[in-house]
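First up is the structure itself, then whatever we jot down about it.
The values are calculated or read from the model by the stated rules, or taken from the named source; none is laboratory data. Being a predicted model, the structure only gives us computed values, none of them experimental. FYI the Cβ positions are ideal-geometry reconstructions off the backbone, even for glycines, and counts take in every protein chain you see.
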Amino acid sequence: MTLTEQVTKNIIRKLLKGEDYRIEIVTLINAEFLQFAIDFFKKIVEAKLQSENITTDWYKEAFLNPKLTTSEIAINSGLNKKTIHNMFNSSTKEIVIDAANEHYDILYRR
C-alpha cells in the first residue's frame, strides 16, 4: 500500500466519524510528493543498476516518454497541465508532449 492510499483511508475514516480531516489533506499532499520523489529516484537507481549513463538525453527519453500520462510528462518537464492549457488553450496529449519537450530543451540545452 502506498502512502497516498493509507492517507486516503484515514480521510475516509475521519469523514465517516465526523472528525476534522484537514490535517489529513495536508498529509495527503505531502505523501503524494514523497511518493513521487521515491518513484522518481527508483527509476534513476534502476537505470544505474543496469549501467545506464544518466544524461540529459537519458532523462528526456525516460521521463518525457510519450507512454507516460500527460500529467507525468508535464511535471517531469518542469511544467504542469494547467500551465500548458493556459499557454496553448489546450492540454491534449500531443500539445503536452510538444510543450514539455520545448520547455525541457529550453531549460537544458542552453
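Some points to look at:
- If you filter the range 48-78 down to residues that are exposed (fewer than 12 other Cβ atoms within 10 Å of the Cβ) and hydroxyl-bearing (Ser, Thr, Tyr), you find that the one that is farthest from Phe33 (Cα to Cα) is Ser51.
- Across the range 90-100, the qualifying residues are those that are out of contact with any Gly (no Cβ under 9 Å at 6 or more places or on another chain) and either at pLDDT below 95 or among the small types (Gly, Ala, Ser) (or both), and the one among them that is surrounded by the most Cβ atoms within 10 Å (Cβ to Cβ) is Ala99.
- Selection count, the range 75-110, where residues are assigned to a helix (DSSP H, G or I) and more than 14 Å from Phe40 (Cβ to Cβ): 24
- Of the criteria (1) of a type in the set (A, V, I, L, M, F, W, C); (2) touching a Phe, Trp or Tyr at 6+ places or on another chain (Cβ under 6 Å); (3) at pLDDT 95 or above, which one Ile11 fails: (3)
- Restricting Ala47, Ala31, Ala100 to those that are closer than 30 Å to Ile12 by Cα and of a type in the set (A, V, I, L, M, F, W, C) reduces the list to Ala31.
- Within the range 14-33, tally of residues that are at pLDDT below 90 and either among the acidic types (Asp, Glu) or surrounded by 14 or more Cβ atoms within 10 Å (Cβ to Cβ) (or both): 6
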